[in-house]
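Heads up: the structure comes next, in structure tokens.
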Amino acid sequence: MENNEESDIVTFKDLGLDEYTLQAVEKKGFEIPSPIQVLAIPRLLTGDTNLIAEARTGTGKTAAFGLPIIQNIHEKCENVQALILEPTRELAMQTCTEFQSFTQGAYPRTTVLYGGASYSTQIKDLKRGCEIVVGTPGRVKDHIEKKTLDLSKIKYFILDEGDEMLDMGFIDDIRQILSYVPAKRQTMMFSATMAPEIQKLAKTILNNPETIQIAIAKPAEGVTQSAYMAHPHQKIGLITHILAQHPDFESVLIFTSTKKNISSIVSAIKRAIRGIQVEGISSDFEQNDREEVLLRFRAKQTKVLVATDVLSRGIDIKGINLVINFDVPRDAADYVHRVGRTARA
Ligand code: AMP
């Protein structure tokens, strides 16, 4: 993101991530931090802020708490340093995989513990050693009671999906787990909603917390929106079909969340529609090249522009007929920014 020169765009580097963590972000193909990441990462990197965040799945919240934790635990440790509680096995597995994908070297090691799976494999993993544990409350509590898991030295405690936890009746398990962790720790709670019961729970587990809320902008008015359900391998075919149906459209913007997709979308459209002018643009481009690509698009020499979210914020292009979201934007605000590109048409 260093070659990104739009002054109003915050980069991952601005948030205080080090070179090592930035490499992981780059490898994931993340270009710009999501709102929850902008708000949470600097606070969590300081290591002493407790946080309540109202944010749903899809906002990038896993990276918001995962990247600072991984940056702060680079080395092999004798004891578990971080505990992340998730309400379901699927979310626990997903969070563990996301953490592992952010990890550059051999450490930190992340282990997942959930019910319905054999204890022996989990115990073997725990014995081998790990710095981060992701788990469901029931199984985590069982391991503590069996003395196969020691949380007495953790520095980070994350309660994800607080409202789901309450709905699923995990409150007693959570309270018991809390009695085994040090009072001096950094605690974060994420929840899609902040109903009064959640706030009550927050009061009992978080000391003097800061609260952050992800506000959702209002979509542009007068824009017709449609959604197509498609398997990943059908998407490019669907896009070329939509484009072929609208030969009269002069300017089409296609957004994708990752840079990796850009070249395959561009070449597939070129193959499918003879003579069509298609270009890609991402933060990998030098500033001059980006300006030239945008100039050609504004001048209607390029009909289709395939871009990452960098373009959806801050750049104003007039007269766009159609915006296609190749993948679902990672949060509502991004969707609003992307769709907003046609609002000025
Ligand atoms: P989450 O809300 O944590 O479940 O994340 C939703 C999805 O967004 C995951 O697939 C993440 O890998 C992805 N993601 C998170 N942060 C970013 C980002 N800054 N740019 C692009 N994708 C992201």
If I ask for residues that are at pLDDT 85 or above and polar (S, T, N, Q), which ones from the range 220-240 would you list? Gln234, Thr240
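Out of Phe99, Phe157, I need the residue that is part of a helix (DSSP H, G or I) and open to solvent by less than 10 Å² (accessible area, probe 1.4 Å). Which one?
Phe99
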Cross-chain or 6+ apart pairs with Cβ under 8 Å, the range 233-257 first and in contact (Cβ under 8 Å) with a residue 24 or more places away in the chain and closer than 29 Å to Lys28 by Cβ, then away from the ligand (no atom under 16 Å from the Cβ) and among the acidic types (Asp, Glu): none
Has the range 102-122 got any residue that is within 16 Å of the ligand (Cβ to nearest atom) and in a helix (DSSP H, G or I)? yes
Just one of Arg43, Arg56 is open to solvent by 10 Å² or more (accessible area, probe 1.4 Å) and within 12 Å of the ligand (Cβ to nearest atom); which is it? Arg56
Under the condition of being among the hydrophobic types (A, V, I, L, M, F, W, C) and under 20 Å from Gly162 (Cα atoms), which residue from the range 30-40 is farthest from the ligand (Cβ to nearest atom)? Leu39
Can you pull out the residues in the range 59-78 that are in contact with a Leu (Cβ under 8 Å, 6 or more places away or on another chain) and either hydrophobic (A, V, I, L, M, F, W, C) or buried (at least 24 other Cβ atoms within 10 Å of the Cβ) (or both)? Ala64, Phe65, Leu67, Pro68, Ile69
Considering every residue within the range 70-92, establish whether at least one is touching a Phe, Trp or Tyr at 6+ places or on another chain (Cβ under 6 Å) and more than 16 Å from Thr110 (Cα to Cα). no
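In this structure, is Ala24 within 11 Å of the ligand (Cβ to nearest atom) and either within 17 Å of Pro108 (Cα to Cα) or part of a strand (DSSP E or B) (or both)?
no
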Conditions: (1) open to solvent by 60 Å² or more (accessible area, probe 1.4 Å); (2) touching a helix residue (DSSP H, G or I) at 6+ places or on another chain (Cβ under 9 Å); (3) over 23 Å from Phe30 (Cβ atoms). Asp173 meets all but one. Number of the miss? (1)
Between a residue in the range 63-80 that is in contact (Cβ under 8 Å) with a residue 60 or more places away in the chain and farther than 14 Å from Ser101 by Cβ and any residue that is of a type outside the set (Gly, Ala, Ser) and open to solvent by 30 Å² or more (accessible area, probe 1.4 Å), which pairs come within a Cβ distance under 6 Å, given they are 6 or more apart or on different chains? Asn79/Lys153
Within the range 146-163, can one find any residue that is over 29 Å from the mean Cα position of the chain (by Cα) and without any contact (Cβ under 8 Å) to a residue 24 or more places away in the chain? yes
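Within the range 266-286, can you find the residues that are over 19 Å from Glu250 (Cβ atoms) and open to solvent by less than 40 Å² (accessible area, probe 1.4 Å)?
Those that are over 19 Å from Glu250 (Cβ atoms) and open to solvent by less than 40 Å² (accessible area, probe 1.4 Å): Ala268, Ser282, Ser283.
The values are calculated or read from the model by the stated rules, or taken from the named source; none is laboratory data. Computed from a predicted structure; not experimentally measured. Heads up, the Cβs are rebuilt from the backbone with ideal geometry, glycines too, and the neighbour counts pull from every protein chain shown. Calculation scope for accessible area: heavy atoms of the full protein, side chains included, ligands and nucleic acids excluded. Shrake-Rupley method; radii C 1.70, N 1.55, O 1.52, S 1.80 Å.
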